[in-house]
Amino acid sequence: MIMGILKRLKLIVVLVVLGVIALVACNPDEPDLEPTAQELAFELLEGTWRPGIVILDGIDITSNYVGFSLEFTEHTYAAMNAQNLLIGGTWDWTDEVATRINLIEEGKELVIIALTEHLLIFTFTLNRVGGAVNGINGNYRITLEK
């Protein structure tokens, strides 16, 4: 009879130990390791983009931006041959779903229409004082390619 009780006690101890191990292995307090929408979008955004099409208020003005490129790195961007359309500086996401980018020094928000490995389409409104020297005011839709 004592042997039967010891066997049951041993079985209970083994089951409790296994249960504790299972609970520790499945700790719900551990952070989710899935990447955020911003992290996934940055993987696509990072790099150098070249113009496909530059549209101002519905008119194709791509020929005004020969040699234009836009490079995104983590929280900085550089614009080359942009004719003061974009200057360069720091940026950050405006929303959690990574569809809006704030160009901090320029005070401009880019609204992302499409972002893939090889295609970036965004819109913004330019409303600067100073005329043509500071870019042409209006609504821009820019399509870039990698």
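Worth pointing out:
- Across segment 84-98, the number of residues qualifying as buried (at least 18 other Cβ atoms within 10 Å of the Cβ) and in a loop (DSSP other than H, G, I, E, B) comes to 3.
- Cβ separations smaller than 9 Å between residues 6+ apart or across chains give the following pairs from segment 48-60 residues that are over 11 Å from residue 140 (Cβ atoms) and in the same structural domain as residue 78 (by TED's automatic domain parsing) to residues that are among the acidic types (Asp, Glu) and assigned to a strand (DSSP E or B): 48/71; 49/71; 49/145; 50/145; 51/145; 52/145.
- Checking each residue of segment 117-127 against the condition of being surrounded by fewer than 14 Cβ atoms within 10 Å (Cβ to Cβ) and touching a Gly at 6+ places or on another chain (Cβ under 6 Å) gives no match.
- Residue that is modelled with the lowest pLDDT, among those in segment 130-146 that are assigned to a strand (DSSP E or B) and surrounded by 14 or more Cβ atoms within 10 Å (Cβ to Cβ): 138
- Leading residue by the ranking (nearest to residue 83 (Cα to Cα)) among those in segment 97-132 that are charged (D, E, K, R) and touching a residue at least 12 places away in the same chain (Cβ under 8 Å): 106
- For segment 102-129, a residue qualifies if it is over 20 Å from residue 52 (Cα atoms) and assigned to a strand (DSSP E or B), and the qualifying residues are 102, 103, 108, 109.
- Selection from segment 17-67 of residues that are at pLDDT 90 or above and assigned to a strand (DSSP E or B): 47, 48, 49, 50, 53, 54, 55, 56, 59, 60
The values are calculated or read from the model by the stated rules, or taken from the named source; none is laboratory data. Computed from a predicted structure; not experimentally measured. Neighbour counts run over all protein chains shown; Cβ positions are idealised from the backbone, glycine included.
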